[in-house]
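The values are calculated or read from the model by the stated rules, or taken from the named source; none is laboratory data. Treat the numbers as computed from the prediction; the structure is a model and nothing was measured. Counting neighbours? That spans all protein chains shown, and the Cβs are built from the backbone with ideal geometry, glycine included. When the accessible area is computed, the model is the full protein with side chains, heavy atoms only, and any ligands, DNA or RNA have been set aside. Shrake-Rupley method; radii C 1.70, N 1.55, O 1.52, S 1.80 Å.
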Amino acid sequence: MTAAVYRFRVTGRVQGVAFRAHTRETARSLGVDGWVANHRDGSVIGVAAADDAVLARFRDWLDGGPPAARVDTLAWEPADAAPPQPGFAIRPDAGA
């Protein structure tokens, strides 16, 4: 089965609350491949790849985030990209 690939952007109180570390931990426990990074605008962005059922669970988690976070919005859209390398990584801060 080919993995679906999605881009996401989470806004709210999502930086300085270990959002990226919790995202990586959750992704790894679910078997999601991809990456997550802080964006200069204060959001958290990333790419996730897995089968649809796993991505639905991951998306549900992103929509709530870790305990110290407050998620205001979650943008989730299909990515026109090749699936990322296996595993899930925290990337350096991104943004323009």
Worksheet entry | Close pairs from region 36-60: first at negative phi and of a type in the set (Phe, Trp, Tyr), partner at pLDDT 95 or above and open to solvent by 30 Å² or more (accessible area, probe 1.4 Å), Cβ under 8 Å, at least 6 apart | 58/30
Discussion item. Quick check on residue 55: is it in contact with a Leu (Cβ under 8 Å, 6 or more places away or on another chain), aliphatic (A, V, I, L, M) and either open to solvent by less than 40 Å² (accessible area, probe 1.4 Å) or part of a helix (DSSP H, G or I) (or both)?
Written reply: no
Item to complete: State all residues of region 1-28 that are assigned to a helix (DSSP H, G or I), closer than 15 Å to residue 39 by Cβ and open to solvent by 40 Å² or more (accessible area, probe 1.4 Å); if no residue qualifies, say none.
Response: 20
Worksheet item: Only one of (1) surrounded by fewer than 17 Cβ atoms within 10 Å (Cβ to Cβ); (2) of a type in the set (Asp, Glu); (3) touching a residue at least 12 places away in the same chain (Cβ under 8 Å) is not met by residue 33, so which one is it?
Response: (1)
Practice prompt. Select from region 58-96 the residues that are surrounded by fewer than 13 Cβ atoms within 10 Å (Cβ to Cβ) and assigned to a helix (DSSP H, G or I) and list them in ascending order.
Written response: 60, 64
Item to complete: Quickly run through region 42-66 and pick out the residues that are among the basic types (Lys, Arg) and in contact with a Phe, Trp or Tyr (Cβ under 9 Å, 6 or more places away or on another chain).
Response: 59
Worksheet item: Given the residues 71, 54, 44, which is the only one that is out of contact with any strand residue (DSSP E or B) (no Cβ under 7 Å at 6 or more places or on another chain) and not hydroxyl-bearing (Ser, Thr, Tyr)?
Response: 54
